[in-house]
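The structure appears right after this line, and notes come after that.
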Amino acid sequence: MAVKAPFNYIGNKYRIIELIQEYFPKNIDTFVDIFCGGCDVTVNTIANKVYANDINYHVIGILQEFQNNDVDFILEHIDTTIEKWKLSKTNESGYKAFRNHYNQTKNPLDLYVLMCYSFNYQFRFNSNHDYNNPFGRNRSSFNEVMRNNLILFKKQIDDIHFSADDFCDFNYDVLKSGDFIYADPPYLLTCGSYNDGKRGFRGWTENDDCELLKKLDMLSDRGVYFALSNVLEHKGSINNLLIDWASENDYVIHDINFNYNNCNYHTNNRNNTTKEVLITNY
Ligand SMILES: C[S@@+](CC[C@H](N)C(=O)[O-])C[C@H]1O[C@@H](n2cnc3c(N)ncnc32)[C@H](O)[C@@H]1O
């Protein structure tokens, strides 16, 4: 059974982890998860050396705090904070007061607690990198499931090398022939939430797709295996850049076929289709 990261990270691959890992190479020496997000894929991939990178340094900061402290300290910090600020599913003023406190002090473990009581458990920041997600009334809390997920997750992250680089600046020299990189970038066709300016990071553009494909070609030439998650078709739009790139280079497109729009199951409209794939160079 896969380990679940103690987040509800936008775009996380937990629900389809088995589907994509079926296509991962076996016996990996060095593994890089270059857009690791909440690390659902990272912690469920076995390798001798593991690198997890994401531009979202707030999330990487939380992951590093989890790594650098023992689990009792982390849980005690969470429980004391919940008690001190009287955080609950209904106490919006307590949530807002704690959010102000976090924005003045920026303690990563506090950010984790704050996220647990926020709307949809999301990490949203304004352009000053202040956390601005609203309260998750009647929905969000640090519950028993998250506590257990955190305890199990913590056991998997001791040896991970975390970094918060833009993928353009990551040091790919850590990868040698036979190693493996997984790339799960924002998807051009569906990534509204990354481009709405509410996450405090630069958005994702077609130019980023191009730069990423160049990096993957460069790594492939060096004998590194890659797997790229993406969406080739979404609500009638098609990512031709990806389709052409894969076919020109003889990369393999694996259908993952998990339809995130299954709330539209009652219609048979092609415009509701999302075609999610994994593209590999092996
Ligand atoms: C689809 S999510 C990855 C989800 C992850 N696989 C998981 O299971 O949680 C895409 C990630 O790319 C990160 N990202 C966006 N632009 C980036 C960039 N230029 N360099 C590195 N990471 C970036 C986002 O912060 C986000 O966490």
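The values are calculated or read from the model by the stated rules, or taken from the named source; none is laboratory data. This structure is a prediction, so every number in the text was calculated from the model and none was measured. We place every Cβ from the backbone using ideal geometry, glycine too, and count neighbours over all the protein chains shown.
One table, with the values for the structure above:
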| quantity | calculated |
| --- | --- |
| Count of region 1-13 residues which are touching a residue at least 40 places away in the same chain (Cβ under 8 Å) and within 7 Å of the ligand (Cβ to nearest atom) | 5 |
| Answer from Asp173, Asp179, Asp165 - the residue that is within 14 Å of the ligand (Cβ to nearest atom) and acidic (Asp, Glu) | Asp165 |
| Every residue from region 76-97 that is among the aromatic types (Phe, Trp, Tyr) and either in the same structural domain as Val41 (by TED's automatic domain parsing) or under 25 Å from the mean Cα position of the chain (by Cα) (or both) | Tyr95 |
| Selection from region 95-115 of residues that are under 11 Å from Ile62 (Cβ atoms) and not polar (S, T, N, Q) | Pro108, Leu109, Asp110, Leu111, Tyr112, Val113, Leu114, Met115 |
| Top-ranked residue in region 36-46 [being buried (at least 20 other Cβ atoms within 10 Å of the Cβ) and hydrophobic (A, V, I, L, M, F, W, C); ranked as farthest from the ligand (Cβ to nearest atom)] | Val43 |
| Those helices (runs of 4 or more DSSP H) lying entirely in region 91-192 with at least 1 residues in contact with a Phe, Trp or Tyr (Cβ under 7 Å, 6 or more places away or on another chain) and either more than 21 Å from Gly37 (Cβ to Cβ) or at pLDDT below 95 (or both) | 92-105 |
| Tabulated pairs, region 14-31, first under 13 Å from Ala227 (Cα atoms) and assigned by TED's automatic domain parsing to the domain that holds Asp255, second polar (S, T, N, Q) and in a loop (DSSP other than H, G, I, E, B), C-beta under 6 angstrom, 6+ apart or interchain | Phe31/Thr45 |
| Given (1) within 16 Å of the ligand (Cβ to nearest atom); (2) not assigned by TED's automatic domain parsing to the domain that holds Leu175, index of the condition Phe73 fails | (1) |
| Hey, Asn44 of a type outside the set (Gly, Ala, Ser) and in contact with a Phe, Trp or Tyr (Cβ under 8 Å, 6 or more places away or on another chain) or not | no |
| Hits in region 200-238 - residues which are farther than 19 Å from Asn12 by Cα, β-branched (Val, Ile, Thr) and within 11 Å of the ligand (Cβ to nearest atom) | Thr205 |
| Helices (runs of 4 or more DSSP H) fully within region 10-88 counting 1 or more residues that are under 26 Å from His254 (Cβ atoms) | 17-21 |
